[in-house]
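Below is one structure, written out as structure tokens; the observations come after it.
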Amino acid sequence: MSLPGTTASAAGDSGRTQQTAVIIPALDEEASIGGVIRALPRDWVSRVIVADGGSTDATAARAREAGAEVIAAGRGYGRACLAGAEAATDAEIVVFMDGDGADDPASIGALVAPIGSGDFDFVVGSRLRGTREPGSIGWHQLAAGRLAGLGMRLLYGVRYTDMCAFRAIRRDLLLGLGLREMTYGWNIEMQMRAARAGLRIREVPVSYRRRTGGTSKVAGSLSGSLRAAARIVATFARVSSRPVTARDFSARERDA
């Protein structure tokens with residue numbers, strides 16, 4: 001479903017047109033989801049898909065009212081992201097962002113333009129390098145992103161400073177990465193597999209705000225934080241323990 005008033009495609013800086021879908025995994029975000037969708041820049045976004053993880057509130061209804069397509073994705077952050085990407089069959093670029101209002105939709109152009117120009121395949125937002133509203137993110141979250149980035153730089157020579165959910169990637173290359181992590185390790189697995197596959201990667205600063213409603217599923221409780229940390233560590237260990245082989249480059253080679 002296209003947003004009201006949008007064209008069917010978005011133009012990159014190079015003048016090329018790219019079909020761009022925004023994927024929003026959501027679980028009980030009725031207070032914020034409508035505002036997030038309405039704030040999306042219509043000159044960049046051609047389609048919005050909310051991948052609902054089994055919300056018990058009015059998240060799905062609010063998303064539809066704001067002009068998004070809603071799919072039932074099942075439980076799991078990574079599962080919702082993958083379901084959204086698979087549903088976006090007409091998209092050349094997919095953007096992932098959270099539905100809590102913390103990600104600034106004005107940054108979508110900075111994520112999409114380097115891909116639309118043909119210079120990069122995968123663009124990741126960095127909250128560490130961007131402007132952060134006081135109280136929007138904990139020091140431990142920033143430290144974890146920095147630490148993970150250092151680990152990936154040692155393994156693959158790619159510079160990351162964050163595991164921010166706000167990111168854009170060419171859809172065909174994403175689906176070729178063979179991501180397996182269906183929970184909170186999805187973001188780091190994508191970054192690791194993109195580096196292993198030789199994708200052209202760029203990190204850009206993005207603004208980050210306090211959520212506009214609801215409670216964080218990760219930072220909102222100690223148990224949530226521990227579960228997410230455990231999945232991220234397990235995913236890092238699993239992916240890093242496997243030697244890089246020719247199969248890792250298959251997605252990029254199919255595109256060449």
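Scan 244, 204 and give me the residue that is at negative phi, of a type outside the set (Asp, Glu), within 21 Å of the chain's Cα centre (by Cα) and at pLDDT 65 or above. Quick ask: steps written out before the conclusion?
Values: 244 fails: within 21 Å of the chain's Cα centre (by Cα).
Among 244, 204, only 204 is at negative phi, of a type outside the set (Asp, Glu), within 21 Å of the chain's Cα centre (by Cα) and at pLDDT 65 or above.
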For region 168-211: of the residues being touching a Gly at 6+ places or on another chain (Cβ under 6 Å) and among the basic types (Lys, Arg), which is surrounded by the most Cβ atoms within 10 Å (Cβ to Cβ)?
211
Applying the selection to region 72-98, what residues are in a strand (DSSP E or B) and either buried (at least 18 other Cβ atoms within 10 Å of the Cβ) or among the hydroxyl-bearing types (Ser, Thr, Tyr) (or both)?
93, 94, 95, 96
In region 5-47, which residue that is touching a Lys or Arg at 6+ places or on another chain (Cβ under 9 Å), among the hydroxyl-bearing types (Ser, Thr, Tyr) and part of a loop (DSSP other than H, G, I, E, B) is modelled with the lowest pLDDT?
7
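Please work out if residue 71 is closer than 21 Å to residue 106 by Cβ, hydrophobic (A, V, I, L, M, F, W, C) and either at pLDDT 95 or above or in contact with a strand residue (DSSP E or B) (Cβ under 7 Å, 6 or more places away or on another chain) (or both).
Taking the combined requirement at face value, the residue does not satisfy it.
Residues are listed down the side, and each one gets a yes or a no for (1) under 15 Å from the mean Cα position of the chain (by Cα); (2) under 21 Å from residue 183 (Cβ atoms); (3) among the hydrophobic types (A, V, I, L, M, F, W, C):
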site: 38; (1), (2), (3): no, no, no
site: 66; (1), (2), (3): no, no, yes
site: 69; (1), (2), (3): no, no, no
site: 105; (1), (2), (3): yes, no, no
site: 118; (1), (2), (3): no, no, no
site: 138; (1), (2), (3): no, yes, no
Can you tell me which residues in region 111-129 are part of a helix (DSSP H, G or I) and within 21 Å of residue 84 (Cβ to Cβ)?
111, 112, 115, 116
Before we move on, is residue 127 surrounded by 21 or more Cβ atoms within 10 Å (Cβ to Cβ), under 23 Å from residue 189 (Cα atoms) and basic (Lys, Arg)?
yes
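The values are calculated or read from the model by the stated rules, or taken from the named source; none is laboratory data. Predicted model, so just to flag it, every value in this text is computed and none were measured. Heads up, the Cβs are rebuilt from the backbone with ideal geometry, glycines too, and the neighbour counts pull from every protein chain shown.
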